[in-house]
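The values are calculated or read from the model by the stated rules, or taken from the named source; none is laboratory data. Remember, it's a predicted structure, so these values are computed and weren't measured experimentally. Glycine gets a Cβ as well: all are built from the backbone with ideal geometry, and neighbour counts include every protein chain shown. Calculation scope for accessible area: heavy atoms of the full protein, side chains included, ligands and nucleic acids excluded. Shrake-Rupley method; radii C 1.70, N 1.55, O 1.52, S 1.80 Å.
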Amino acid sequence: MASIGNNSLNAKLVLLGDMGAGKSSLVLRFVKGQFLEFQESTIGAAFFSQTLAVNDATVKFEIWDTAGQERYHSLAPMYYRGAAAAIIVYDISSTESFERAKKWVQELQKQGNPNMVTALAGNKADLEDKRKVSTEEAQTYAQENGLFFMETSAKTATNVNEIFYEIARSMLFLGVLVSFTSTPATGLWCNGQSIWKCNRISHKSSKEELRTE
Amino acid sequence: MFGPQTHSEPSNGGFLSQKTNWRRITSSNPTTSATTITTITKKANNLSVKFQDLYGFSVEGNIDDVNVLNEVRERVRQQGKEWWALEASKGANWYLQPQHSSSGEGLTVPSKLTAIANTITSTMTLKKLIRKGIPPVLRPKVWLSVSGATKKRSTVPLSYYNDLLVAIEGKVTPATMQIDHDLPRTFPCHPWLDTPEGKAALRRVLVVYSFRDSDVGYCQGLNYIAALLLLVMKTEEDAFWMLAVLLENVLVNDCYTDNLSGCHVEQRVFRDLLAKKCPRISAHLEAMEFDVSLVATEWFLCLFSKSLPSETTLRVWDILFNEGAKVLFHVALAIFKMKEEELLRTHQIGDVIHILQSTTHHLFDPDELLTVAFDKIGSMTANTITKQRKKQEPAVMAELDQRLRRLNSVKMDEK
Ligand SMILES: Nc1nc2c(ncn2[C@@H]2O[C@H](COP(=O)(O)OP(=O)(O)OP(=O)(O)O)[C@@H](O)[C@H]2O)c(=O)[nH]1
Ligand SMILES: [Mg+2]
């Protein structure tokens with residue numbers, strides 16, 4: 001378990017949001033650095049993994065990119081169950097997608113893991129001339145609901161890596177909290193084990209390293 | 001279905017190099033087993049090539065894949081010969097809907113029995129033959145017949161499809177808006193689907209169906225199924241009837257409606273079958289807290305069209321239309337079974353998914369899959385599956401109901 005001292009963390013992350021908001025495009029940009037003008041619609045969900053290094057720690061994201069159509073809603077719990085982080089995506093050129101995002105926020109607040117790090121992404125920020133949702137409105141909403149907020153563009157890559165990076169940072173920070181309170185099963189894993197389990201072994205080192213961040 | 005799409009991409013804008021305190025780690029799929037490593041080395045040695053398969057999808061693979069695909073092409077030709085030989089001896093169209101009840105009418109008892117016996121032999125011959133594959137040119141005719149689509153169509157006026165086409169003209173509904181949104185996102189690299197005619201045909205099939213059954217309307221997933229049906233059936237109207245018979249008669253009810261309850265039922269049935277037919281894998285994955293529905297949902301909703309190569313998908317569909325939805329379970333179980341040893345060595349969800357994905361993407365040889373699906377998985381009668389579904393239905397309804405109530409309580413809190 002040598003790598004625990006290096007703060008290697010596995011974290012399940014789920015993307016939720018309206019059909020066509022750009023969930024798959026954000027993931028594709030983050031994982032492969034690509035953008036497709038016509039991204040295949042997602043059915044059920046697609047899985048990706050990507051590792052980020054944050055200072056001395058690494059976070060391995062296990063990403064579930066879900067399907068956006070309303071009726072797929074009934075499948076979502078399977079994907080957000082046990083998730084350590086969520087990105088709720090809307091399209092800045094669609095008010096409906098913003099409304100839909102709010103519903104996801106409520107659902108996660110109610111049913112998601114209480115320590116979940118949740119980010120709100122206003123995607124397609126490159127479509128400024130078609131904007132329907134103002135930055136201020138979304139920012140205010142995010143603040144009220146304790147969400148981390150960024151406007152992103154999968155097309156131009158603006159803020160895509162940043163949003164994942166910020167989530168990783170918050171999660172590492174939360175990891176410290178979790179190790180103090182030892183709340184079980186929050187969906188944070190250390191090399192395949194729940195962090196609260198492995199922290200019994202490496203409690204000190206991980207805590208110290210995280211603090212120096 | 002068809003390998004990674006390659007497009008020219010705008011560059012990353014030098015973003016990564018500007019940040020100094022973090023970096024992207026590219027090797028995200030740790031190789032945990034010897035088998036995976038061999039495939040990777042092999043790939044590195046072999047040049048990756050891009051080619052078109054039988055149905056025009058561009059596929060990326062190594063030389064081995066190309067060889068397998070050529071072998072499959074040759075086998076398809078041989079299979080064709082068998083079908084022609086039977087046409088020659090039994091008469092053209094011998095396989096078209098055997099007339100069970102009416103054929104014996106007015107005959108004496110012994111000749112009635114002979115007639116029935118003949119029908120049974122024909123059905124058995126046909127079943128065997130279809131399991132070995134329908135030649136692509138015969139697919140439209142055979143599918144329409146064995147699935148019951150022809151019969152379904154015969155119950156409405158000949159002008160039914162065209163009448164609907166006229167009726168939908170210029171109509172905008174939530175379904176049509178979602179269909180329009182998905183048209184360019186349906187197998188975007190396929191040469192025909194990418195043309196205006198291809199998109200228009202796909203649009204008409206989906207929109208007409210959304211008017212035929214407003215409970216289904218449009219469900220994502222149907223776009224891929226309808227697209228592949230169009231490529232096989234060649235005419236829109238035939239594709240439409242195949243879609244209708246599929247949703248209304250072949251698949252479990254409510255697979256695509258409202259809350260996809262039918263799909264939830266199938267997933268539960270599948271989980272139980274996996275525990276029964278592949279107990280070791282099932283136990284191992286359960287210990288990892290890996291729910292097989294995470295991957296199997298897409299298989300069932302797209303009928304494998306998004307994960308298996310096209311000819312392999314269509315071989316599954318050959319059996320689907322002739323024998324019913326149980327083949328979906330056979331095939332899904334087979335995919336797990338084929339990789340049993342590798343799967344048992346996994347410790348991470350990512351590795352499980354990686355194994356399953358690379359397996360399905362490279363299944364260019366349909367017989368390799370179908371042999372496991374039928375010989376190794378063993379028989380399951382349609383009856384058993386129906387019983388299993390009946391057993392699961394109340395649980396699904398209760399679960400969905402409870403979810404709805406919880407969600408409503410979320411809304412109440414808002415006030
Ligand atoms: N201009 C612009 N277009 C985008 C951006 N992100 C995604 N798109 C386009 O929007 C469409 C939908 O994107 P997807 O990533 O497939 O959306 P999704 O949320 O995954 O959709 P579902 O899988 O149907 O739920 C695609 O055609 C993308 O090319 C963006 O940042 N800017
Ligand atoms: Mg998507």
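Values as computed for the structure displayed
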item: Per residue accessible area of the stretch B:145-250, 1.4 Å probe, in Å²; result: 40
item: Sum of side-chain charges, A:PHE48 neighbourhood, beta-carbon under 12 Å (Lys, Arg +1; Asp, Glu -1); result: +3
item: Cα pair distances of the stretch B:261-399 binned at 5 Å [whole percent]; result: 2, 10, 21, 24, 22, 14, 6, 1, 0
item: Segments B:381-393, B:55-67, B:236-248 sorted - mean Cβ within 10 Å per residue, highest first; result: B:236-248, B:55-67, B:381-393
item: Solvent-accessible area, 1.4 Å probe, carbon plus sulfur percent, for the stretch A:40-155; result: 48
item: Square roots of five times the Cα gyration tensor eigenvalues for the stretch B:145-250, Å; result: 20, 16, 13
item: Environment charge at B:ASP291 (Cβ cut-off 12 Å; Lys +1, Arg +1, Asp -1, Glu -1); result: +1
item: Net charge of neighbours whose Cβ lies under 11 Å from the Cβ of B:GLY221, counting Lys and Arg as +1 and Asp and Glu as -1; result: 0
item: Note, ³J(HN,Hα) from phi for the stretch B:117-127, Karplus 6.51, -1.76, 1.60, rounded to Hz, x at Gly and Pro; result: 4, 4, 4, 4, 4, 4, 4, 5, 4, 4, 4
item: Filter on B:LYS81/B:LYS132; B:LYS112/B:LYS132; B:LYS90/B:LYS127; B:LYS199/B:LYS234 - keep pairs with C-alpha separation over 19 Å; result: B:LYS112/B:LYS132
item: Buried accessible area, chains B and A (both chains, 1.4 Å probe, Å² to nearest 100); result: 4800
item: For the stretch B:129-162 versus the stretch B:333-351, the gap between their alpha-carbon centres in whole angstrom; result: 37
item: Rounded to the nearest 20 debye, dipole of the stretch B:261-399 from Cβ charges on Lys, Arg, Asp, Glu; result: 500
item: Burial of 50 Å² or greater, the stretch B:271-296 residues [accessible area, probe 1.4 Å, versus chain by itself]; result: B:LEU294
